[in-house]
Amino acid sequence: PEGCTTVFCGNLPFDVDEDALREALGKCGEIKGVRLAKDRDTGDFKGFGHVEFEETEAVDKAVSMSGSLNLMGRQVRIDF
């Protein structure tokens, strides 16, 4: 959508880190920030996160990779 600079990334491997996600989605455009969801009580990674890009065009490129991006053996789901 117009003005959207953030994508949801689901089905992430539990041992993924910010650098791996930046590397996988960096070809879509410049990444402003990565947030990986963690359980507030245990601190365990919950298997999803959000990537914020500098430009909306990068969001469209990232979403077009949904289902075809394989990260550490898992097929990543990407959406607005």
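From the mean inverse distance of alpha carbon pairs (Kirkwood) and the Cα radius of gyration, derive Rg over Rh for the chain. Numbers along the way, then the final one.
Numbers: Rg = 11.9 Å, Rh = 12.5 Å.
So for the chain, dividing Rg by the Kirkwood Rh gives 0.96.
Computed over protein heavy atoms with a 1.4 Å probe, the carbon and sulfur contribution to the accessible area of the chain reaches 43%.
In Å², and per residue, what accessible area does the chain have when probed at 1.4 Å with the other protein chains present? Write out the running numbers ahead of the final one.
Numbers: 4820 Å² over 80 residues.
Computed with neighbouring chains in place, this is 60 Å² per residue.
Tell me, in nm to one decimal, what length is gained between residue 61 and residue 27 on full extension, where the rule is 0.36 nm per residue of separation less the Cα-Cα distance?
Working: separation 34, 0.36 × 34 = 12.24 nm, distance 0.88 nm.
11.4 nm is the gain from fully extending residue 61 to residue 27.
Highest mean packing first, where packing is the average number of other Cβ atoms within 10 Å per residue, the peptides 17-24, 68-75, 57-64 line up as 57-64, 17-24, 68-75.
What dipole magnitude, in Debye to the nearest 20, does the chain give about its Cα centre under +1 on Lys/Arg Cβ and -1 on Asp/Glu Cβ?
On the way: 10 positive and 16 negative charges, 51 e Å.
With only Lys, Arg, Asp and Glu charged at Cβ, the dipole is about 240 debye.
For the residues 43, 33, 67, a GNM of the chain with alpha-carbon springs under 10 Å puts the largest fluctuation on 43. Taking θ as phi - 60° and the Karplus parameters 6.51, -1.76 and 1.60, the scalar couplings of the range 59-66 work out to 4, 4, 5, 5, 5, 5, 8, 4 Hz in sequence order, x denoting glycine and proline. For the range 13-52, the residues whose backbone nitrogen is under 15 Å from a point 7 Å from the Cα of residue 70, taken along Cα to Cβ, are 13. In this structure, the amide hydrogen of residue 33, modeled 1.01 Å from its nitrogen in the peptide plane, lies closer than 5 angstrom to those of 52, counting only residues at least 5 positions away or on a different chain.
The values are calculated or read from the model by the stated rules, or taken from the named source; none is laboratory data. Being a predicted model, the structure only gives us computed values, none of them experimental. No Cβ is skipped: glycine too gets one built from the backbone with ideal geometry, and neighbour counts run over all protein chains shown. For the accessible areas, the whole protein counts, side chains as well, though only heavy atoms, and no ligand, DNA or RNA atoms are used. Shrake-Rupley method; radii C 1.70, N 1.55, O 1.52, S 1.80 Å.
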